[in-house]
Amino acid sequence: MSLEPIRRARTGQTPLKKGTGEPGSSQPGRWAAWATGAATLFLFLSLLALVLVPMDLERDVGEVRDQIRNVMEPEERLAAKVQFAQARQMEAFYSFLLLEDSESRLRYREAREVEDAALDTLGVLTEGMSIQVREDMANLNILSFSWHLGHQEMLSRELVSEGPPPSLAEPEPVVNL
């Protein structure tokens, strides 16, 4: 009889299980090799992700930059053009109200044509954008239309004379008593 089972019982060791690959089996190194291989594979994949993810993000950022360059910059220029055209229209309208000259009416109509062309181009550029941007564009068109409709009656009336109104032509002399 062997003393081996008695020694194992005193030290708390269990008998070896044959062919399971678990601790206490006849092949204890096989489980450790699989664990080491899995950890090495995980480490390699993590390092690979640290290299590939920033490269993919940089490509996506480049696409967004191109969109900004190709869409937003022209839209900013067109929006400034619309604002300037509206300022010119206000100036021409007030000039027409004060002087009633045909040149002010022509300046108003020229500025309106510039504004309409810029709004049409802006409409084309905003087609692929979010619903909020397209709603804002529709509201801008509505406001522009109502602005012009409100002034149309005044600007379409017939002019009485080509000169300034008599009250602005020459000031009356002041008589001191």
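Read-outs throughout are calculated quantities, based only on the coordinates presented, and are distinct from any laboratory measurement. Quantities reported herein were computed from a predicted structural model and do not represent experimental measurements. Here the Cβ positions follow ideal geometry from the backbone for every residue, glycine too, while neighbour counts run over all protein chains shown.
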By the gyration tensor of its Cα atoms, with a ≥ b ≥ c the square roots of the eigenvalues, what is the shape of segment 20-160: rounded for a/c under 1.5, prolate for a/b over b/c, or oblate?
prolate
For the Leu52, Gln132 Cβ pair and Förster radius 41 Å, calculated FRET efficiency rounded to 0.05 is 0.75
